[in-house]
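This report concerns only the one structure given below.
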């Protein structure tokens, strides 16, 4: 798919810039692919490293305390 896009762009460049420019334009397009990937990686990295709302451990610790208390109760009749 990338080759198809590059060949289409090269055909447009050939018509507009004249013969002999397709080699240079093809090289520029192949250099744009890592550039776009680097920009996308930077955007993803900044999104993944964003500051998130701090949440306390209160509800989890309260649930664990209730679980422990329930397990420590002695069950008679069994």
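Observations on the structure shown:
- Taking the criterion of being over 17 Å from the mean Cα position of the chain (by Cα) and surrounded by fewer than 10 Cβ atoms within 10 Å (Cβ to Cβ), the residues of the range 32-60 that qualify are 53, 54, 55, 56, 57, 58, 59.
- Some residue of the range 29-44 being part of a helix (DSSP H, G or I) and at pLDDT below 90: yes
The values are calculated or read from the model by the stated rules, or taken from the named source; none is laboratory data. In this text, all values refer to a predicted model and were calculated from it rather than measured experimentally. Here Cβ is always computed from backbone atoms with ideal geometry, including for glycine, and neighbour counts include all displayed protein chains.
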